[in-house]
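Accompanying notes for the structure given below.
Bear in mind these aren't lab numbers, they're just calculated from the coordinates by the rules spelled out. Small disclaimer: the values here were computed from a predicted structure and weren't measured. Cβ placement follows ideal geometry from the backbone for every residue including glycine, while neighbour counts extend to all protein chains displayed.
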Amino acid sequence: MNPRLKLLLTSARLSNLPSVVSNVWLGVALGVLLGSPWLQGISPWPAAALLVSAGCLLYVSGNFLNDWYDRHWDAQHRPERALPQGMFTPGFYLGLAIACAAAAVALAGCVGAGSALVAVAIVLCIVSYTRWHKRLAASILLVAMCRALLPWLFFIEWPLACAKPGLLHPMAQTRMELAVIAPHALALLCYVAGLSWIARGETLAFAATRRPAGSLLVVAGMLMASWYVPTMPRCGLLGVLPFGVWLTLSATSFAKSPRLRVSSLLAGLPLLDWVALLPLALNMLHHGRSDLFCWVCLLLPPLAFLAGLGLQRVAAAT
């Protein structure tokens, strides 16, 4: 591969984009579950395509902005990166970051004001994290918030758009929506905060980096596992198994270095989504529904997981 292209793809963190797709789709699946749009002849596919694209653009924007801001620090500590090598100009990276962020907000705005506001919130988290991540350890919560907000891109619009007037009191509708999405958003927040804490050990070597991280990751898994399809509660355990196995491997076999461990944890993000999506898809199959939506819920997380692992051979995850 052309060295410039390889460095550009590494700066964009290409191998992590499948997990972004999976995170956004989690919000799509839960939004459709709550809104039941097809009962009213509304297709979620156009909105889902726009918001998956917006999520990927937001992620790429954050990576280019981070590399642009860290270029002087990288020149001393990470000279193998693109900007310290002089492969690209800092202005090019900043321009890409701004263009991707603007395009993402525009795509989200095509779906609705709520989605646009979530996209703007993610941009603000990206900018804040970029500004403070080398100074404050608590900034890991900002990058974790970027991931936690991805399912909201679709979810914040869809249940309300598809709700039947007069069926539920607005407060009851809001409480039901929060009960569906909150455990998953909080799980992503904890998981990404944990792996970000470990990632600080790549260059900021202090002994305490690993101790709280394991607890955060376990909490994330338990939060995701707390939600299941009520009609088939035993299926909820099936979604925990792949995530639990990969989490165990990340904490043992892949714990030789912070970078290897973080790369494995990043690849495992779709398996965290699968804790909810696997039982949801099995429930739909159990009730005779086997359309494209059902199969995407069933197969997207494991395929995103495998795609992320494969793309790590092309561009490093971290």
Q.
Using Cα-Cα distances under 8 Å and only pairs 6 or more residues apart, what relative contact order does the stretch 1-76 have, in percent?
A. 46 percent
Q.
What are the ³J(HN,Hα) couplings of the stretch 82-88, residue after residue, when phi is run through the Karplus curve with 6.51, -1.76, 1.60 and θ = phi - 60°? Round to Hz, x for glycine and proline.
A. 5, 5, x, 7, x, 5, 9
(Q) Taking the beta-carbon count within 10 Å as an exposure proxy, list V123, V218, V20 from fewest neighbours to most. (A) V218, V123, V20
Q.
What distance in nm lies between label points placed 7 Å from Cα along the C-beta direction at L5 and L260?
A. 3.0 nm
Q) For the residues Y191, Y59, Y93, what sequence is obtained by ranking on other C-beta atoms within 10 Å, fewest first? A) Y93, Y59, Y191
(Q) For the ranges 61-71, 288-298, what's the packing order if you count other beta-carbon atoms within 10 Å of each residue, average per peptide, and put the highest first? (A) 61-71, 288-298
Q.
Spelling out what I want: for every residue of the stretch 96-111, take phi, set θ = phi - 60°, compute 6.51 cos²θ - 1.76 cosθ + 1.60 (Karplus), and round to whole Hz; glycine and proline get x.
A. 4, 4, 5, 5, 5, 5, 5, 5, 5, 5, 5, 5, 5, x, 5, 7
